[in-house]
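Working notes, beginning with the structure itself.
Rule-based calculations on the coordinates, nothing more; no lab input. Computed from a prediction, not measured in an experiment: that's the story for all the values here. As a convention, Cβ positions derive from the backbone with ideal geometry for all residues, glycine included, and neighbour counts pool all protein chains shown.
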């Protein structure tokens, strides 16, 4: 059974390699809507969706969205960290990306799919899960709703 709505965001502990960031702790995600994105170098749908993910970072990052990609190997060749590093460069992944060669993070999320998206609100509660080839198209409206709800919760500055 996978994560359910309102479940708290599992930690991103146990990754074998981090790119574009040091290992991230719970403090990084505190009071911030967060999208956890699972992908694999052997997944063509994952590669096709990376421009959407990049656009979300550019569009919604300034609005407070945190985004972390988790590379989840689907086959033995996916565990080659050099291949992941090359894909990160080729697909312009400039946001935090963790390689989960031992499936520690994958198991914490009870994830079985790539691409897969887990969207958490600023309280760290799961608000949306989507997976598969067309998932990216369905995630963006929910990102917008979660960000709007987050803005409503933030007290106005005097």
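Before moving on, here are some points about what is shown:
- The stretch 57-74, subset within 18 Å of residue 133 (Cβ to Cβ) and more than 11 Å from the chain's Cα centre (by Cα), residue surrounded by the most Cβ atoms within 10 Å (Cβ to Cβ): 72
Here is a yes/no grid of residues against (1) under 19 Å from residue 125 (Cα atoms); (2) free of Cβ contacts under 8 Å to residues at least 40 places away in the same chain:
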site: 6; (1), (2): yes, no
site: 12; (1), (2): yes, no
site: 43; (1), (2): no, no
site: 75; (1), (2): no, yes
site: 79; (1), (2): no, yes
site: 91; (1), (2): no, no
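- Looking only at residues in the stretch 14-29 that are assigned to a loop (DSSP other than H, G, I, E, B) and free of Cβ contacts under 8 Å to residues at least 24 places away in the same chain, the one that is surrounded by the fewest Cβ atoms within 10 Å (Cβ to Cβ) is 22.
- Residue in the stretch 118-125 that is over 14 Å from the mean Cα position of the chain (by Cα), crowded, with 20+ Cβ neighbours inside 10 Å and under 17 Å from residue 12 (Cα atoms) present: yes
- Within the option set 43, 97, being out of contact with any strand residue (DSSP E or B) (no Cβ under 8 Å at 6 or more places or on another chain) and surrounded by 18 or more Cβ atoms within 10 Å (Cβ to Cβ) holds for one residue only, 43.
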